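The values are calculated or read from the model by the stated rules, or taken from the named source; none is laboratory data. None of these values were measured; they are calculated from a predicted model. Cβ atoms come from the backbone with ideal geometry, glycine included; neighbour counts cover every protein chain shown. Protein only, heavy atoms only, side chains kept; ligands, DNA and RNA dropped before computing areas. Shrake-Rupley method; radii C 1.70, N 1.55, O 1.52, S 1.80 Å.
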Amino acid sequence: MTGIRPNFTDWRQLDALAIWQLAALMRGVDPRAWAAGDVIDRHGDALDLGEQQNQLIAGVHAGTLQPGKNEQPPLTQNTIIVTNSALEWLRSHGYAELASNLDRSLHALSSENLIKKENLIARHQRNWPTIEKDLKRANKGLDVARTDLHGIWNEALALDWARRNGKLVEGNTTLSRQASVFPE
């Protein structure tokens, strides 16, 4: 058990998630806590994932979410969804932060994503004027881009955070496109 908050380090490793698991993550709850019955709402009732599950099932019916290759109708809360297909759906349905937390490519500690703080500032200060201040106050969300390596940041996650929080200056479209992690 990881507690009630999702342990994204575990969940992003999965190639597929059951609809109920993805629905729990959409509610900000670790699916293991929900399955164990450890999550209740303010009225003392078990947390209801029905609305999120219905949204996901509708996404599969619409063809915007890809079910696992062996999935057959009827769709249920146990229907498996391919995680990569869920990322774009989540971004376009108001769950961009969840998509970023589940996106392995953003969290990969590969040399192309890792950058020294000074270089991150120098590279993006033109399009992200508040970058130095934002990095100093990283505990307000931008900490998702901090790595365990001293002074090293995940550039893709930092840019994703900046984009989602309206920090990127869109005046120069060429630079803005370069700074974007995701297609428009």
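Residues of segment 123-153 that are open to solvent by 80 Å² or more (accessible area, probe 1.4 Å) and either of a type in the set (Asp, Glu) or in a helix (DSSP H, G or I) (or both): Arg123, Glu132, Lys133, Lys136, Asn139, Lys140, Asp148.
Per the conditions (1) more than 15 Å from Asn101 (Cα to Cα); (2) surrounded by 13 or more Cβ atoms within 10 Å (Cβ to Cβ); (3) at pLDDT 80 or above, the sole criterion not satisfied by Ala162 is (1).
Of the residues making up segment 56-82, those that are of a type in the set (D, E, K, R) and modelled with pLDDT of 90 or more number 0.
Could you check segment 146-171 and list, in sequence order, the residues that are of a type in the set (S, T, N, Q) and under 15 Å from Ser105 (Cα atoms)?
Step one: of segment 146-171, the residues of a type in the set (S, T, N, Q) are 147, 154, 165.
Once the filter is applied, which keeps residues that are of a type in the set (S, T, N, Q) and under 15 Å from Ser105 (Cα atoms), segment 146-171 yields Thr147, Asn154.
Got a sec? Which of Ala24, Ala46 is in contact with a Gly (Cβ under 7 Å, 6 or more places away or on another chain) and either modelled with pLDDT under 90 or of a type in the set (A, V, I, L, M, F, W, C) (or both)? Spell out how you get there, then give the answer.
Working: Ala24 fails: in contact with a Gly (Cβ under 7 Å, 6 or more places away or on another chain).
Result of the check over Ala24, Ala46: Ala46.
Take segment 75-96 and flag every residue that is outside any helix (DSSP H, G or I) and touching a Phe, Trp or Tyr at 6+ places or on another chain (Cβ under 8 Å). Within segment 75-96, Gln77, Asn78 meet the criteria.
Applying the set (1) open to solvent by 30 Å² or more (accessible area, probe 1.4 Å); (2) within 23 Å of Ala16 (Cβ to Cβ); (3) touching a Lys or Arg at 6+ places or on another chain (Cβ under 8 Å) to Asn101 leaves exactly one unmet item: (1). State yes or no: is Ile81 farther than 22 Å from Asn7 by Cα, open to solvent by less than 30 Å² (accessible area, probe 1.4 Å) and out of contact with any Ser or Thr (no Cβ under 8 Å at 6 or more places or on another chain)? Judged against the criteria, Ile81 is not a match. Inclusion of Gln72 among residues that are part of a loop (DSSP other than H, G, I, E, B), open to solvent by 20 Å² or more (accessible area, probe 1.4 Å) and in contact with a helix residue (DSSP H, G or I) (Cβ under 7 Å, 6 or more places away or on another chain) is not warranted.
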